[in-house]
1. Please find the FRET efficiency linking His27 to Glu2, where r is the Cβ-Cβ separation and R0 is fixed at 35 Å, and quote it to the nearest 0.05.
2. For Glu70, Glu64, Glu2, what's the fewest-to-most ordering of other Cβ within 10 Å of each Cβ?
3. Multiply the residue gap between Leu108 and Ile17 by 0.36 nm, knock off their C-alpha separation, and tell me the result in nm, one decimal place.
4. Whole-Hz ³J(HN,Hα) for each residue in segment 79-84, computed from phi via Karplus 6.51 cos²θ - 1.76 cosθ + 1.60 with θ = phi - 60°, x for glycine and proline: what do you get?
5. Step through the residues of segment 117-125 one at a time and calculate ³J(HN,Hα) from phi using the Karplus curve (6.51 cos²θ - 1.76 cosθ + 1.60, θ = phi - 60°), rounding each to whole Hz and writing x for Gly and Pro.
6. For the peptides 19-31, 77-89, what is the packing order when you average, over each peptide's residues, the other Cβ atoms within 10 Å and list the highest mean first?
7. When Lys and Arg each count +1 and Asp and Glu each count -1, what net charge do the other residues less than 14 Å away from Thr8, Cβ to Cβ, add up to?
Amino acid sequence: MESTIARTIGRLVLQFIQVMGLYIAFHGHLSPGGGFAGGTVIGASLVLAVLLDIPFRGKSVLKESFVLAESSCLIVYVIIGFVGIAAGTGFLSNLSARFPPGTPGSVLSAGFMVPLGVAICLKVASTIGSLFWALAREDTQDGVWNA
């Protein structure tokens, strides 16, 4: 995008958007939100950064990173689920599988819900990024993104 105003405002708000996405993902068991909502916010911020051509670290390997993150987050989700089975309870069993409950109201409460929420957050963000890369193509002649 050629708009200097949009690129400048995007640079200013991009980090705040991503921090808000992480906040939503980490506090999903305490307030409305969670891994899916936080991942959607983070994924949309990455798409915004690419569309506005905002430079950020790792942009050149973003497509490969999305594929790697999608696969690894799915593996983490399944491993967390099988811990419940290994403890003698059901898949994704939480407190009955003897996970420490933590202090009620703190971020590290509710057993494995925080790691599970972060895994879901990264999975959703990488899926949004992968879908964006699949639907958008770079026009190598003039560097304009076309859908």
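Derivation of every value follows stated rules applied to the coordinates shown; laboratory data play no part. Quick caveat: nothing in here was measured; it's all calculated off a predicted structure. No Cβ is skipped: glycine too gets one built from the backbone with ideal geometry, and neighbour counts run over all protein chains shown.
1. Values: r = 38 Å, r/R0 = 1.08.
FRET efficiency, His27 to Glu2: 0.40.
2. So the residues, fewest neighbours to most, are Glu2, Glu64, Glu70.
3. Working it through step by step, the gained length comes to 30.5 nm.
4. 4, 4, x, 6, 4, x
5. Computed from phi, the couplings for segment 117-125 are x, 5, 4, 5, 4, 5, 5, 5, 4 Hz.
6. On the way: 19-31: 17.8, 77-89: 14.4.
By packing density, highest mean first, the sequence is 19-31, 77-89.
7. 0
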